[in-house]
Amino acid sequence: VASEPAPVPGELAADAARLLRALPDSGLPEPRRAFLEAQLRALECVARRLDGRPLGFLAEVRAYFEVDIEPVPPDRYANVHELIDELLPGSGGPRAKLAAFRERDRLAPDALGRAVRVLSGALRELTAERFGLPPGEAVDYEVVRDRPWNAFNRYQGGYRSLVTINADAGHGLSALPHLATHECYPGHHTERCAKEAGLVRARGQDEQAIALVNTPQCLIAEGMGEAALDAALGDGWGPWTAEVLASEGLHLDGELAELLLPLTAQLLSARQDAAIMLHDRHADPETAVAYLERWMLVDETRARHMVRFLTDPLWRAYTVTYISGSTLVRAWMHAGRDESPTERYRRLLTEPLLPSTLTADLAATRRGAA
């Protein structure tokens, strides 16, 4: 592959279109054929963009992820600010209180790797018991700097992952449960292991051995990552985490962390708003930085780090997978009539489900309820 000439985007788009035409007569069963069709449509869109063909940002998002997005009214963020102000001690309003909390909560880079490893080990045991893990699976961690993302899981095959954590993102102790569940147990690493065992090795669905950026697969995977903390621990995760971290001499107010995280999570959709501002409404980056500072209650450094991610040519639309993916996956997990959220999460781990599948299932459930 390394010795081949660089591919031509227009030819890749034509390849994707040709494969799409061939799918109906491929003899492949559902839902495999539907999964491949959705992936190919997204890849065709990627290739057309690389070929310089004009495409609006919202249409790009729809082609990649099978969802439609729109900005959140700022009033919702203002209401969350009030709740944060009531919850946190101190003075100076929600911004000052949250900044003070984050400073107390901040982890030094040398403690970051140590803390996430001990937490990951405890979560591994819970995940193996609740969802199952293949023999020999393992996760390695490394702490890095100067990346556009906060953390990244590189699945290496053979039930092994390397998780790189960006120390420049300013990770706090209270954020580690989300990080460890999202990237590893029962998030990305667990999903890749389950699909390698059940779909690739057992059924020959080799497409599941690849994680393709900017495809529907990503929205499901990141939505699962965002919901992984609930799937692994549910209520009481804060005190549980505090007890695990205490073994490493790290102090966490678990009860406060568990109350605060759902509030700050409601502010995360400002990142999707900023993406719409930048790429659909063509705002300048400084406007996006100011928007994130105001509504996410982050400092300028953190806001600029987010805008770097949102303006990266590869990742510019990807924040949608976290925001819309989380909303869709959580809603679907809790909408099962005869299935518990745990059972539905297990299906996400083992089946090639698509955003359109979950959306249609939710619509049918609502019609039935009506």
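Yes/no matrix, rows are residues, columns are (1) open to solvent by 60 Å² or more (accessible area, probe 1.4 Å); (2) of a type in the set (Val, Ile, Thr); (3) touching a helix residue (DSSP H, G or I) at 6+ places or on another chain (Cβ under 8 Å):
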residue	(1), (2), (3)
LEU55	yes, no, yes
GLU70	yes, no, yes
ARG117	yes, no, no
GLY132	no, no, yes
PRO135	yes, no, no
VAL139	no, yes, yes
ASN150	no, no, yes
ARG160	yes, no, no
Of the residues in the range 1-53, those that are at negative phi, open to solvent by 40 Å² or more (accessible area, probe 1.4 Å) and not β-branched (Val, Ile, Thr) number 31
### Query
Is it true that some residue in the range 182-193 is in contact (Cβ under 8 Å) with a residue 24 or more places away in the chain, of a type in the set (Phe, Trp, Tyr) and crowded, with 21+ Cβ neighbours inside 10 Å?
yes
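One line per residue, one yes/no per condition, for (1) of a type outside the set (D, E, K, R); (2) open to solvent by less than 70 Å² (accessible area, probe 1.4 Å); (3) assigned by the TED database to the domain that holds ALA232; (4) touching a helix residue (DSSP H, G or I) at 6+ places or on another chain (Cβ under 7 Å):
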| site | (1), (2), (3), (4) |
| --- | --- |
| HIS305 | yes, yes, yes, yes |
| VAL320 | yes, yes, yes, yes |
| SER340 | yes, yes, yes, no |
| ARG347 | no, yes, yes, no |
- For the range 194-215, state whether one or more residues are surrounded by 20 or more Cβ atoms within 10 Å (Cβ to Cβ) and touching a Pro at 6+ places or on another chain (Cβ under 6 Å). no
Reported set for the range 171-195 where residues are in a helix (DSSP H, G or I) and touching a strand residue (DSSP E or B) at 6+ places or on another chain (Cβ under 7 Å) is LEU179, GLU183, HIS188, HIS189, ARG192
Going through the range 79-115 in order, the residues found to be touching a Phe, Trp or Tyr at 6+ places or on another chain (Cβ under 9 Å) and exposed (fewer than 12 other Cβ atoms within 10 Å of the Cβ) are PRO89
The residue that is farthest from HIS334 (Cα to Cα), considering only those in the range 204-229 that are of a type in the set (D, E, K, R) and within 14 Å of the chain's Cα centre (by Cα), is GLU222
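The values are calculated or read from the model by the stated rules, or taken from the named source; none is laboratory data. Since the model is a prediction, treat every value here as computed from it, not as a measurement. A quick note on method: Cβ atoms are made from the backbone with ideal geometry, for glycine too, and the neighbour counts reach across all protein chains shown. Ligands, DNA and RNA are excluded from the accessible area calculation, which covers all protein heavy atoms including side chains. Shrake-Rupley method; radii C 1.70, N 1.55, O 1.52, S 1.80 Å.
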